[in-house]
1. Tell me the per residue accessible area of region 1-134 using a 1.4 Å probe; a whole number in Å² is fine.
2. With all protein chains present, how much of the accessible area of region 490-553 (probe radius 1.4 Å) comes from carbon and sulfur, to the nearest whole percent?
3. May I ask you to work out the translational diffusion coefficient for region 38-78 at 25 °C, viscosity 0.890 mPa s, via Stokes-Einstein with Rh from the Kirkwood sum over Cα pairs, reported in whole µm²/s?
4. Taking every pair of alpha-carbon atoms in region 399-465, give the share separated by more than 18 Å as a whole percent.
5. Translational D (Stokes-Einstein, µm²/s) of region 76-150 at 37 °C and 0.692 mPa s when Rh comes from the Kirkwood sum over C-alpha pairs?
6. What percentage of the solvent-accessible surface of region 33-81, computed with a 1.4 Å probe over protein heavy atoms, is contributed by carbon and sulfur atoms?
Amino acid sequence: MTLSLSTPQFFYQLFYALAFVFMFCVVIYKSIKKGHHLRSVLLMFATLTLFIIIGTRLFTIPLFEWYDAMSSPYSEFNNRSSIGGILFGLVGLLIIQRVFKFGKSMFDLFAWVAPIALGITKLGCLLNGCCYGLASNAIWSIKYPAGTNAHHNHWLTENIGQDALYSLSVHPVQLYESLTLFTIGYIVWKTKNRWKGSLSTILLTMILYFSLRFGIEFFRDHSVSQFGTLHFYGVWVYQWAMLALVFVLGLLLWFLEGKVNTKKIKTIQEAPYIHSEFIYIIILSILIYSFQNVLSPFEFNVIWTIFITAVLFSGYYLFTTKELNGYNKLIFVTLLTPFYVLGQSMQENTLGVKSYNRIDVGASFGNFNNEVAFDPQEVQNECGTSTSYSYEYFKQVYQIGGVGYSHVVTKKNHTNTFGANISGGTIKSTNLSTGDSESEFIFGVNPYMKWDSKWFGAGFGFQIGKLRLNKDDRLDVTNIEDAQKNHIILPEFHARIGPRKYLDIDYNYGFMMPSAFPTLYSRSSIGSSFGLSEDYSFRYGHIWNLETDYVSAEALLSDNLGVNVMYVFKENNFDFQEESSGKFMFSLNYRFGYKQK
């Protein structure tokens, strides 16, 4: 088999991003269901991501060169090791547990999600041609084209000629590792409830992974390994280290399982001391700044986006909790520190662009409640005639996915965007009085256009399809079965005033990727890019149809890849025994076809 990809590095970055998106979405979704404090979950995720990435870098660098790596450009020390990421990630988890008091369920979650995410990353390694295998004549072996590590190193060692188009056939060890990691994730997920200790599933994952690496290394080419080529009894020193770790971790797992008292296991999160959470934000911002040269631009922007979103949540908590009365001004100034520190290290994209194309892929999920008035009756009373209704109350649970394409053109001081989105998903409607449920498929097609200048912005479009809205309906029908109202076409528009780079306000009716119908359609917000480019945005706003607030963040992670996240707080406008949860939206965008000024 031959792999002939014109841009293998792109596919590595793509699968790297997909692994992060998978892990982020699963952790956020499960955390919302478990009722964890979302601000703490985001701080935890930013911390864990930072420690894992730092570990993958520093583990390949001698200890006495760590300072040089922290003060040198990223490109000078760009080797990676997943072993280092796992070990440093464990340190990060222990710090997180100490600060935020997460229970066993959070460790169980990371124990099976992490190997699956790492397996996704290894698929990118397979396409990129890094950490390749030994030469092989197996029918499933792979040849790599010129420009990949395998081809270059085979040429340097004179295993192929100077004009050879492909490398030698090699074992696809990255695929072996990926499939085994998926299997590890499944095994840990299926057995997580059998372990008593909080860290037991994490230790099990590490034992299985190090055992995997011991076996995989027999098929990997060590001639260019950053860990050297020394071996004893036909086994690399690196493999002996893996065996030693398996033995030590196995003893630790056996000891912890024998000592743990199941009655003392914490299953729900205890909130940390409030002021310590804000101190932790300051410390984490300094850590990100200190290690910025160890991170690639993509990695730094990912951590930055998650971290600032967590800071926004903490800011919301600051102004809504009574426990911080009297400290609001001091802590508010404290929360501004991360924005200043990170703003000093962000590199604004100075690429002069005239136009580009953009593809968006996103999803949203959550639930909402609504009241439906039906069967109107004319009633005579002492004041005259009035209309009375029968009422039913519904809980709607939805999952929506979507994809969009747009063309963006910059002319002088304004930007024009023309595009269309397609979205679809399921919505399950449950009558809260009878318990009867019904699911249906909803979908929409959404052409739109936007115009933005420095001070003003406007946009127009419409949704057409089978659409639902979250609102209290009053319908002239006699049968409640007819009261679940679908819409065929709905308009959307957008208006903005103020410089987005510094401070602006906006109003949106619709205008979200993926389509937020059935739940969000009327919202306004205030936001800023904090002096960065307009590709970055942090917003706090209000959703009028839900009577609740939301926070959102947008960032360009590289020249080609961007991300948008939004979280909607629980609404309190529905007086019934069933409460709705918060709502989460996430989308990635890929930009291509750049034309320069």
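1. On the way: 5270 Å² over 134 residues.
Spelled out: the 1.4 Å probe surface of region 1-134, per residue, equals 39 Å².
2. Values: 1390 of 2140 Å².
Answer for region 490-553: carbon and sulfur cover 65 percent of the accessible area.
3. Details: Rh = 11.4 Å.
Translational diffusion coefficient: 215 µm²/s.
4. For region 399-465, the share of Cα pairs beyond 18 Å comes to 55 percent.
5. Values: Rh = 15.3 Å.
After rounding, the answer is 214 µm²/s.
6. Details: 1300 of 2260 Å².
Of all accessible area on region 33-81, carbon and sulfur atoms account for 58 percent.
The values are calculated or read from the model by the stated rules, or taken from the named source; none is laboratory data. Please read these numbers as outputs of a predicted model, since none were measured by experiment. Keep in mind that these areas ignore ligands, DNA and RNA; they rest on the heavy atoms of the full protein, side chains included. Shrake-Rupley method; radii C 1.70, N 1.55, O 1.52, S 1.80 Å.
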